[in-house]
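Taking it in order: structure first as structure tokens, then the write-up.
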Amino acid sequence: MNKLATELNDVISGGTAFELLSDFGRRMYFPKGIVLQSAEAKQKANNYNATVGMAISKGQAIELNSLKKLIPELKPAEAVTYAPTGGDPALVKLWKKDIVKKNPAVDPSKISTPIVTSGLTHGISLLMELFVDEGNSVVVPDMFWGNYRLMIEERQKASIAAFPFYTESKGLNVDGFIETIKKTAVNKKAVVIVNFPNNPTGYSPTKTEAAALKEALVAVADEGYKLLVVTDDAYFGLFFEEDTYKHSLFNELYDAHENILAAKVDGTTKEHFVWGFRVGFVTFGSKGMSEEAYKVLETKLSAAIRASISNCSRPAQSLLQKAMQDPNYNSEKEAYEVEIKERYLKIKEILAEHEDDPVLDPLGFNSGYFMSYKMKKGSSEALRKKLLDEEGIGTISIQDKFLRVAFSSVDLENIEDLYAKIYKAASEL
């Protein structure tokens with residue numbers, strides 16, 4: 001093992017984070033090579049800086065005029081230069097403040113500095129590399145985003161340990177969650193992913209369920225289990241009911257127990273309506289963890305980024321940093337959140353009119369972009385194809401028994417027609 005990796009591991013040796021690291025995670029270190037030497041030169045090379053592999057003219061990075069005219073408000077350093085591996089410091093600072101604003105229980109002095117990733121997918125994938133070995137299991141509900149399968153089963157050669165998402169009353173299955181953790185843990189170590197608002201169901205826990213889930217995880221930690229809890233907060237902010245828990249579960253877990261390492265994966269993708277910008281963040285929190293220990297995790301995460309994509313998009317980070325400081329930014333965002341909520345409320349009215357439908361059983365949903373039906377009979381894939389071929393309507397079939405509808409992509413005035421056609425097609429199966 002490289003000496004630099006050993007030095008990092010020595011800092012966190014004996015703690016939960018070290019115990020949870022995969023073999024890859026333990027071997028990761030940030031080399032004292034080009035990036036570090038370039039950073040030192042940036043501070044001290046007052047005469048000539050001949051370190052970075054960029055083309056400089058008259059003291060600025062070269063930028064083609066054909067590109068410059070498309071983003072005139074960005075300086076060349078904001079548009080075309082490399083971003084630091086961990087992300088633009090100004091954007092990172094803003095995002096950390098935003099985490100605390102949206103999750104008021106979080107003490108900013110007790111969490112790590114967010115590390116910028118190339119979208120949430122990249123952030124989750126990096127965590128799987130750092131904490132999941134071949135043959136391990138990752139606990140997720142049976143209703144999960146399909147890309148988890150590629151990240152866990154194919155990239156890591158690990159397995160998914162799924163539990164039923166809902167209870168019989170269509171609430172969150174906390175007992176099933178905990179039972180699966182205990183059943184699949186190896187040497188009392190487990191990695192779990194919670195995704196609220198959930199894709200594909202559109203469900204977030206109620207305030208009571210969130211409290212129960214925290215209590216249950218702490219109880220497991222009290223029994224000596226060491227847990228990495230990844231909170232996939234892709235659709236954060238789109239909460240439509242008063243009783244819905246309106247924070248990330250990171251808000252509850254970052255300082256809950258020494259045996260729980262919480263890793264918040266979030267970003268601007270859906271939350272800020274910039275899907276193609278590919279800017280996400282990973283932030284760690286664990287009770288009693290020191291700033292020095294957080295630096296180790298930040299370094300290992302940055303090293304994994306360095307080893308894969310080198311760094312993330314500079315122009316996307318620059319644009320977001322400026323936009324988030326615009327006085328109209330939050331109000332503009334909130335206006336679109338209201339628009340999506342109006343679609344949700346309209347769908348709830350329609351579902352009430354089809355409460356006893358013989359084919360389609362809507363799963364509980366209260367947030368996010370989606371809702372899903374469970375087929376009481378018939379095939380969801382057959383229904384998907386019928387809707388597509390006969391009505392020109394696109395939906396997603398899952399496990400041939402669930403049909404996901406992304407109401408986020410259908411205007412309010414078209415919601416009634418969309419659902420009328422869905423129910424009609426289902427009745428004709």
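Values in this text are rule-based calculations from the coordinates and carry no lab data. As the structure is a computational prediction, the values presented were derived from the model and not from experiment. Here the Cβ is made from the backbone with ideal geometry for all residues, glycine too, and neighbour counts use every protein chain on show.
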Legend entry - Two-decimal Rg to Rh for segment 267-421 - Kirkwood Rh, Cα set: 1.10
Legend entry - Ranked list, fewest to most other Cβ atoms within 10 Å of each Cβ, for 401, 300: 401, 300
Inset, instruction - In a Gaussian network model over the chain where Cα atoms closer than 10 Å are linked, find which of 16, 51, 268 has the largest mean-square fluctuation. - result: 51
Inset, instruction - Mind checking which lysines have their Cα closer than 27 Å to the Cα of residue 182? Skip sequence neighbours fewer than 8 apart in that chain. - result: 157, 170, 207, 214, 226, 264, 287
Legend entry - By average C-beta atoms within 10 angstrom, highest first, the peptides 69-75, 97-103, 107-113: 97-103, 107-113, 69-75
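Report the antiparallel proportion of the DSSP beta bridges in segment 329-427 as a percent, rounded to a multiple of 5.
100
Counting other Cβ atoms within 10 Å, keep those with at most 16, restrict to DSSP loop, and tell me which GluC sites (Glu not before Pro) in segment 391-429 are left.
Numbers: sites: 391, 413, 416, 428; in loops: 428.
Within segment 391-429, the qualifying GluC sites (Glu not before Pro) (loop, at most 16 other Cβ atoms within 10 Å) are 428.
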Legend entry - Dipole axis of the chain (+1 Lys, Arg; -1 Asp, Glu on Cβ), positive-most option in 72, 261, 184: 72
Inset, instruction - Filter the GluC sites (Glu not before Pro) in segment 97-198 down to the DSSP loop ones having no more than 16 other Cβ atoms within 10 Å, then list what survives. - result: 134, 168
Legend entry - Total formal charge among the other residues, if their Cβ is under 14 angstrom from that of residue 215, Lys/Arg +1 and Asp/Glu -1: -3
Legend entry - Span-rule helices in the chain, defined as complete DSSP H runs reaching 18 Å or more along the axis (Cα) with Kyte mean at least -1.0: 89-102, 207-222, 291-306, 329-353, 412-427
Inset, instruction - Determine the percent antiparallel among the DSSP beta bridges restricted to the chain, to the nearest 5. - result: 55
Inset, instruction - Beta carbons within 10 angstrom, averaged per residue: use that to sort the peptides 237-243, 86-92, highest first. - result: 86-92, 237-243
Inset, instruction - Give me the compactness ratio for segment 329-427, meaning the Cα radius of gyration over 2.2 N^0.38 Å. - result: 1.09
Legend entry - Long-range amide H partners of residue 61 with built H, under 5 Å: 77
Legend entry - Paired Rg and Dmax values of the chain, which use every Cα atom, in angstrom: 23.1, 77
Inset, instruction - May I ask you to sort 62, 350, 415 by Cβ crowding, counting other Cβ atoms within 10 Å and putting the fewest first? - result: 62, 350, 415
Inset, instruction - May I ask for the distance between the Cα centers of segment 135-172 and segment 186-207, given as a whole number of Å? - result: 9
Inset, instruction - Quick one: among 358, 315, 205, which has the greatest mean-square fluctuation in a GNM of the chain with alpha-carbon springs under 10 angstrom? - result: 358
Legend entry - Gaussian network model of the chain, springs between alpha carbon atoms under 10 Å - residue of 302, 137, 290 with greatest fluctuation: 290
Inset, instruction - Pull up the cross-link candidates among the lysines for residue 44, meaning alpha carbon to alpha carbon under 23 Å and not fewer than 8 places away within one chain. - result: 32, 58, 75
Inset, instruction - Please work out the ratio of the alpha-carbon Rg of segment 1-133 to 2.2 N^0.38 Å and round it to two decimals. - result: 1.33
Inset, instruction - Only helical DSSP H runs with n ≥ 4 go in: add -39500 (n - 2.57) per run for the chain, normalise by residue count and round the 222 nm mean residue ellipticity to 500 deg cm²/dmol. - result: -12000 deg cm²/dmol
